[in-house]
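The values are calculated or read from the model by the stated rules, or taken from the named source; none is laboratory data. Everything quoted here is computed from the prediction, not taken from an experiment. Positions of Cβ are backbone-derived with ideal geometry, glycine not excepted, and every protein chain shown enters the neighbour counts.
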């Protein structure tokens, strides 16, 4: 098959395309059936008990946060109910502003002939 998409398919190409589509559909059905059997084999959760994820969320954190977690996760919420800005984001913004100030000073001093 060439790059030209305006050319109609030959009967051999059309048959090959149909064969490939049928093979893909057969594989998809087999995978879906395998997933359904795996899901049926798992014990069903009782509706009266919370899920394991909800249990984990309800438990207090027993481990202290690592340095990386403290830097990228916000500690609380602001007055609008939005998460506070993490410290790492504040540092990055500060460094960007510092770079802009240095570049601006460099450009002004270069144009003035100081440098």
Helices (runs of 4 or more DSSP H) contained in segment 28-115 and holding at least 1 residues at pLDDT 85 or above and surrounded by 10 or more Cβ atoms within 10 Å (Cβ to Cβ): 67-72, 87-112
Output the number of the condition that residue 14 fails; it satisfies all remaining conditions of (1) assigned to a helix (DSSP H, G or I); (2) modelled with pLDDT under 85. (2)
